[in-house]
Amino acid sequence: DAVTHFDADASQTVRTLVEAFGFSLEKAATAVDSIGDKSDLDAAVQWLIDRGEEDHGGAVEFKHCPHLDDPSLPLIDASLLRPGTHAPAAGAQPVCSHGCESPEQWVCLQCGEVNCGRYLNAHSLAHHGATGHATAAS
């Protein structure tokens, strides 16, 4: 096993990076070797992404978004953010503004438009490119 030189916490982080996030064993081990707290999965994922690795999906918990601190950034009213409101019917897949059905939809926090993520047709990313809107929630 290539991760036997790690302690239990570091080994678990490497395994999670490989099994849950889809990174190669070699790159996961390098990332864990490079971060301070070997049990910090978020830091390891960010280290990999910062070095050009592809984000393979999975939920990411953001603790702070500096864009939201900008008082000049107009945001939609929080009351408009209700889970499932962009699904056509109860139990149906949510639909993006371009008609794509996927459980992964993103709502723009600046205008409220709902679009599919980069793993389907990347309409949310295209919306950012077209409008410059930099905040979205899934």
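The values are calculated or read from the model by the stated rules, or taken from the named source; none is laboratory data. None of these values were measured; they are calculated from a predicted model. With ideal geometry, Cβ positions are generated from the backbone for all residues, glycine too; neighbour counts draw on all protein chains shown. Surface areas here come from the heavy atoms of the whole protein model, side chains and all, with no ligands, DNA or RNA. Shrake-Rupley method; radii C 1.70, N 1.55, O 1.52, S 1.80 Å.
Scanning segment 87-99 for residues that are touching a Cys at 6+ places or on another chain (Cβ under 8 Å) and either at pLDDT below 85 or open to solvent by 80 Å² or more (accessible area, probe 1.4 Å) (or both) turns up just one, 98.
For (1) modelled with pLDDT of 90 or more; (2) exposed (fewer than 15 other Cβ atoms within 10 Å of the Cβ); (3) in contact with a helix residue (DSSP H, G or I) (Cβ under 9 Å, 6 or more places away or on another chain), each residue gets a yes or a no:
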| position | (1), (2), (3) |
| --- | --- |
| 23 | no, no, yes |
| 42 | no, yes, no |
| 45 | no, no, yes |
| 53 | no, no, yes |
| 60 | no, yes, yes |
| 67 | no, yes, no |
| 70 | no, yes, no |
| 77 | no, yes, no |
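Scanning segment 126-138 for residues that are under 14 Å from residue 67 (Cβ atoms) and in contact with a strand residue (DSSP E or B) (Cβ under 9 Å, 6 or more places away or on another chain), which turns out most open to solvent (accessible area, probe 1.4 Å)? Ranking the qualifying residues of segment 126-138, first place goes to 128. I need the full set of residues from segment 113-138 which are over 14 Å from residue 103 (Cα atoms), outside any loop (DSSP other than H, G, I, E, B) and in contact with a helix residue (DSSP H, G or I) (Cβ under 9 Å, 6 or more places away or on another chain), in order please. Answer for segment 113-138, where residues must be over 14 Å from residue 103 (Cα atoms), outside any loop (DSSP other than H, G, I, E, B) and in contact with a helix residue (DSSP H, G or I) (Cβ under 9 Å, 6 or more places away or on another chain): just 136. Residues in segment 105-125 that are open to solvent by 60 Å² or more (accessible area, probe 1.4 Å) and closer than 24 Å to residue 72 by Cα: 106, 111, 113, 125.
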